[in-house]
1. I'd like to know which of B:ASN121, B:PHE34, B:LEU105 lies farthest towards the positive end of the charge dipole of the stretch B:6-219, counting +1 on Cβ of Lys and Arg and -1 on Cβ of Asp and Glu.
2. How crowded by other chains is B:53-59, given as the mean number of beta carbons from other chains within 10 Å of each beta carbon?
3. Could you give the size of the charge dipole of the stretch B:222-293 about its Cα centre, using +1 on the Cβ of each K and R and -1 on the Cβ of each D and E, expressed in debye and rounded to the nearest 20?
4. Using amide H atoms built in the peptide plane, which far-off residues or other-chain residues are under 5 Å from B:ILE6 H to H?
5. Under unit Cβ charges (Lys, Arg +1; Asp, Glu -1), what dipole magnitude, rounded to 20 debye, does the protein assembly as shown have relative to its Cα centre?
6. Note down the magnitude of the dipole of chain B about its Cα centre, charges +1 on Lys and Arg C-beta and -1 on Asp and Glu C-beta and zero elsewhere, to the nearest 20 debye.
7. Residues of B:82-91, mean number of Cβ from any other protein chain within 10 Å of their own Cβ, rounded to a whole number?
8. Over the protein assembly as shown, how many percent of alpha carbon pairs lie in each 20 Å bin up to the one with the longest distance?
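Every number here is computed from the coordinates shown, using simple stated rules; none is lab data. Keep in mind that this is a model prediction, so the values were computed, not measured. Glycine gets a Cβ as well: all are built from the backbone with ideal geometry, and neighbour counts include every protein chain shown.
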Amino acid sequence: MSIFLLQMRGELKKLFARKRTYIGFGAFLSVELAVLLLLRLPKVQQSLERLLERAGYVAADYLSGLTLGLIITLSTVLLLGALYLALVAGDVVSKEVEEGTMRMMLARPAGRSRILALKLAACTVYTIALTVFIAVTAVAAGTLHAGWGGLFVYAPLEGVFAVYDADEGAARMALAVPFLATSLLTITCLGFCFSCMRMKPAAATIVTLSVLFVDTILKNIPFFSGIRDWFLTAKMSAWVGVFEHRIPWEAMAGQYAWLAAINATLVVVGFAVFHSRDFKS
Amino acid sequence: MTPPAIRVQNLRKSFAGRPAVHDLSFEVRQGEIFGLLGHNGAGKSTTFGMLLGMVAPDGGDAFIGSHSVRTERGAALAKVGAIFETPCFYDYLSGWDNLAFLVSLSGAKPADSRLREVAANAGLQDRIHDKVRTYSHGMRQRLGLAQALLPGQEVLLLDEPTDGLDPQGIQEMRATIRDLRDRKGMTVLLSSHLLAEVEQLCDRVAILHQGRLLFCGEWRRSTSRWRITGEPDGAVRSRLEQSGLVPVGDAWEAPEDFHPGETVAALVAAGIRVTSVQSVTRTLEDFYLETIRS
């Protein structure tokens, strides 16, 4: 095993040995259960059925695990996902500095860039794991509730309205997961960047969330609708494009290129700030 | 001639314009236990930080063996282990996992047999798979020493290694440090507030005060105090001073290399008798305070 993988195993062991790492998983499970309970309410169910029937579809065919899974994912991932990714990524460097374990790492020959690369890689693994968990459990919970069936997509903010049979719906859902994980990686990079700065772990998390909330608020102000696509959270919503009948690959590639550039900038800033810091023994 | 294990050369560091270390130079020889002394804020921690590449110096350099910490940090620290005042570990991992992770950062794959050996030497063999949060302070300190010895370190930087230990723990730590030097030939740079500890371990020390080096070398000197009858006149007095005798209270203190023959003859010729000669052994605390006050 190469030494990087060995170090990575240690870093992941640290990450997944902490209770706070699992808060996100637990929170999503709770939210999924809450959404399913609320969907049982007759008023809610009727509203969903009316939406489908007005579009000329048989509600029973599309009120399925895939549909409910997507509804849950769409409505929770950007807010709740942001919270837990910011918590983990905001902690990843600053918590070790605060607790004094960072100096134990820095006293070793591994350079600062190596240490940060390990932490960033561990956060990326966490982001992917959380995304897959959200998608799989949301669809599983939805299927337990409503059974297997076609996928109905209704995302007015992203301008997507579509229906697919079960096979195509499942394929689109599976395709959405890596794109969603890539979108969420921007939150991870934001949290990581602030975590490298001279601030407390809680502050790094709060600043990360503040950036995302301010971005969301500005994006939703009607006067700014002309520049909506330039907001960070709008670019992060690009993953919903995979549910359009004709997937807008070019537009999505453009949005993800922007996100990649933003992520790279955040990582470079984080590395540069961390390299310039003094750590007294 | 064997090159020094650690060489600090004109190191300088300021924080927000306030000098923390000013043009510091000293050498630690291979296989010696060297003490770094100073009040709080004297610059010891900053010096340790610069030796480990955690603090970027404003000028100068530190070398471990022949490697510059500034330009070849990885090679310089490859054989260096460090213990800090309060060793901090991942409380939610076992002692074993902590050791394995920290060793991996040295670029080495930790062999289980080596980890077991070091854990046993630290007296942690029965608890090494327990979570560190269940360890006492003394056990953490011993785990700190264990990680500093892995994978196969030759130079140890110990910042207050006995901090918070009970008398038995202090004695054990002292014995371990001495044993590492005597049996494994390790070089130890030790910083401690407990001068009695340093006194028992170190023949050579560096004393820092407000970031400046006041003294570096062998502190242990045997002197003797000579008491004489009467008051020596100008010529005899200058003779005594030329011989290296220094007036201390009602006596004269003679250095270790004092040759009494001619001086005693001069005293006798002047009608002065030597009434007593008392050998004086200075403690490190005396020496430290004298140096700081001077």
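1. About the Cα centre, the residue reaching furthest to the positive side is B:LEU105.
2. Working: counts 6, 10, 5, 4, 1, 0, 0.
Taking all residues of B:53-59 together, the mean is 4.
3. Numbers: 7 positive and 11 negative charges, 38 e Å.
Around 180 debye, computed over the stretch B:222-293.
4. For B:ILE6, whose amide H was placed from the backbone, the distant partners under 5 Å are B:VAL28, B:GLY65.
5. Details: 58 positive and 54 negative charges, 86 e Å.
Using only the charged Cβ atoms, the result is roughly 420 debye.
6. Numbers: 33 positive and 36 negative charges, 113 e Å.
I would put it at about 540 debye.
7. Details: counts 6, 3, 6, 2, 1, 4, 8, 4, 9, 4.
Average neighbour count from other chains, rounded to a whole number: 5.
8. In whole percents, the pair-distance histogram is 18, 37, 25, 14, 5, 2, 0.
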